[in-house]
Ligand code: HEM
């Protein structure tokens, strides 16, 4: 453990000295471990975003297209934490339909604005400022999260929040609507959710055996289903997802969202 | 500072007490198989009669019975159909789904108290009906689509003979996202909140087996209970009484012939006591309709708009005599009611029980009202019933004002007969008894 993480764990333990302290004391360790996970993802995100935005700025469409989906994966894995900073999440990951004028809106920025340029317009024209802004936002995000003591209920709640994300806006293939790289995003969301679950799993293994098994089984279902679409280091286009597999994923996601929504309560968090 | 009546815990326990009293009364009455149902409007005899405006929230229909509820049951003001895909690839998984669904529906239709959970957990119930779930005349009807059978080797041989994927009729513009499904739930209740509550309960409780595909809600206008005599049929969004000529759902013999699949029918044995259901989301071009002369509107249907009477009758329940009008001088030969039911001996086998709702969804891109008829009908033979009648209607003058956009064909499961039984049991038993395909 790097010293900075030890420090974070210490800060967290102090933070937890409230009424819920008894119930949450057990969480100190998983949350410290999660903080490391988040740090690593952010590190990767910064490095990958650098390469991706550089390609955009160099006008290298092919490289930019290749780097888009893998770059997003580390963001998707820690999305609930990134969402603690609503302004940054909006700048980095909002979609055209968050704005009344959709793609024409000047506020439409971030990853999906670049995706729109690269795929829908097959051009990097005018994208350099968007790329710079994205890089700056991702860097700020990294800094802010490094200084943050992660609230336990946000961490634990994140497992369900990630599934809510998939259920509400991803399963339909509308997230990466220009590039159809949604399956990469799915994978990022699932990994992020599963990570949280695995970290707290030892606390529930005895008292909630059936619950733990059901959740683990559903993560397995997702893994096996997504694995069918593996393509090199990444995933095939969302269009390739069969109707049958989409239903299986939808059902697994809804069930995970439902079950994981009880995780906070089961761990005594408010 | 809280006054007594404002104290939520006090009012809650009061309501619980009231509810328990209601339940024990119900246990001796409505929960038994006979439709002891003192609290529905006594004058609403036909399924499509206008519902009583004062229908009670405590009124309930028995969930268990030979046939499922929600078909010959008088139609209340609010209706909904919701189509699902079913995630169950084995007989065991399908049985577990049927059992869980039956248990939920039995609870929802009879009402009760959801369990109180630790407030650190999400509540067990959406709470939109308050802490006590009143039955509110809720009925739940479960039916199965062609795809459920077609996608499973072990169910394929058991598919009801006439069940098929709905295909396009000449005037249709079907939207894929509003069509078909493995399983359809129909909820009907006094209030739309009750049907929405039921749907949210199922979505929350059964995510591992049911994936929502589409839904459509509808309503029918309520009327104050008629002073005496028969209530009138509710009106549809074209302003006409709809349901006047429906067969009498109170006539068990007639229903056995028109609606229910019986022992002697050439259908799989498990399907006896079930029925074919055709659902159609039919948009009405109401702006255009409202610009059509009254005389023409009446000729299109073959009935008077105000009274609903056929042209040779006085009330909506009078029966037109086409034998005396062979050339269509009184009722045009292409009038909706005449095409739908020519009333000849040979067309008697094309009867169906219609139980539709009116829907209103908003405004389309052209700025026109998106509203119409959630057409639902039941028959013992889908081909002789809906399909034949719709083919006769193809090209009717009414088509100019209609656009069918969604729906599907489904097979209504036989009823669950007691708390030990469950919806779908006969099908599961048949699947287990069949030699498994390899
Ligand atoms: C939006 C579409 C429709 C509207 C507005 C509509 C309206 C009506 C009206 C006003 C009547 C006369 C009153 C009555 O007996 O209920 C009627 C009768 C009837 N309709 Fe429709 N209808 C529609 C679609 C259909 C469809 C799709 C079918 C079946 C394929 C159908 C079958 C019948 C039948 C069987 C009757 C009774 C005829 C009789 O026995 O005299 N209708 N409809």
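The values are calculated or read from the model by the stated rules, or taken from the named source; none is laboratory data. Computed from a predicted model, the values in this text were never measured in an experiment. Cβ sites come from the backbone with ideal geometry, for glycine too, and all protein chains shown count toward neighbours.
Residue-level analysis places residue B:297 outside the set of residues that are out of contact with any helix residue (DSSP H, G or I) (no Cβ under 9 Å at 6 or more places or on another chain) and either under 24 Å from residue B:47 (Cβ atoms) or surrounded by 14 or more Cβ atoms within 10 Å (Cβ to Cβ) (or both).
Residue A:227 meets the conditions (1) in contact (Cβ under 8 Å) with a residue 24 or more places away in the chain; (2) farther than 26 Å from residue B:205 by Cβ in every case but one. The failed one is (1).
Quick grid of which residues meet (1) crowded, with 23+ Cβ neighbours inside 10 Å; (2) within 14 Å of chain A (Cβ to nearest Cβ); (3) free of Cβ contacts under 8 Å to residues at least 24 places away in the same chain:
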{"residue": "B:73", "(1), (2), (3)": "no, no, no"}
{"residue": "B:79", "(1), (2), (3)": "yes, no, no"}
{"residue": "B:84", "(1), (2), (3)": "yes, yes, no"}
{"residue": "B:96", "(1), (2), (3)": "no, yes, no"}
{"residue": "B:102", "(1), (2), (3)": "no, no, no"}
{"residue": "B:112", "(1), (2), (3)": "no, no, no"}
{"residue": "B:117", "(1), (2), (3)": "no, yes, yes"}
{"residue": "B:120", "(1), (2), (3)": "no, yes, yes"}
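Taken together, the residues in the stretch B:305-328 that are touching a strand residue (DSSP E or B) at 6+ places or on another chain (Cβ under 7 Å) and free of Cβ contacts under 8 Å to residues at least 60 places away in the same chain amount to 4. Scanning the stretch B:355-369 for residues that are in contact with a strand residue (DSSP E or B) (Cβ under 7 Å, 6 or more places away or on another chain) and either at positive phi or in a loop (DSSP other than H, G, I, E, B) (or both) returns B:355, B:356, B:362, B:364.
If you go through the stretch A:83-137 and pick out every residue that is surrounded by fewer than 19 Cβ atoms within 10 Å (Cβ to Cβ) and not in a helix (DSSP H, G or I), you end up with 15. I'd like the residue in the stretch B:317-331 that is buried (at least 20 other Cβ atoms within 10 Å of the Cβ) and part of a loop (DSSP other than H, G, I, E, B) and, out of all such residues, is farthest from the ligand (Cβ to nearest atom). Among them, the one singled out is B:331. Out of curiosity, is residue B:340 within 13 Å of the ligand (Cβ to nearest atom) and free of Cβ contacts under 8 Å to residues at least 24 places away in the same chain? When the stated conditions are applied, residue B:340 does not pass them.
One residue stands out among those in the stretch B:416-425 that are on the phi < 0 side of the Ramachandran plot and crowded, with 20+ Cβ neighbours inside 10 Å: the one that is nearest to the ligand (Cβ to nearest atom), which is B:423. Where helices (runs of 4 or more DSSP H) sit wholly within the stretch A:159-270, those with at least 3 residues that are away from every other protein chain (no Cβ under 14 Å) and closer than 21 Å to residue B:118 by Cβ occupy A:182-204.
Kindly indicate whether any position in the stretch B:368-383 is free of Cβ contacts under 8 Å to residues at least 60 places away in the same chain, more than 9 Å from the ligand (Cβ to nearest atom) and away from chain A (no Cβ under 14 Å).
No: zero hits.
Scanning for something more than 14 Å from chain A (Cβ to nearest Cβ) and within 13 Å of the ligand (Cβ to nearest atom), does the stretch B:266-276 turn up at least one residue? There is at least one residue in the stretch B:266-276 that is more than 14 Å from chain A (Cβ to nearest Cβ) and within 13 Å of the ligand (Cβ to nearest atom).
A count restricted to the stretch B:225-265 and to residues that are under 17 Å from residue B:384 (Cβ atoms), within 12 Å of the ligand (Cβ to nearest atom) and either buried (at least 21 other Cβ atoms within 10 Å of the Cβ) or modelled with pLDDT under 95 (or both) stands at 1.
Just for the stretch B:194-250: of the residues that are within 21 Å of residue A:172 (Cα to Cα) and without any contact (Cβ under 8 Å) to a residue 24 or more places away in the chain, which one is nearest to the other protein chains (Cβ to nearest Cβ)? Of everything passing the filter in the stretch B:194-250, B:207 is nearest to the other protein chains (Cβ to nearest Cβ).
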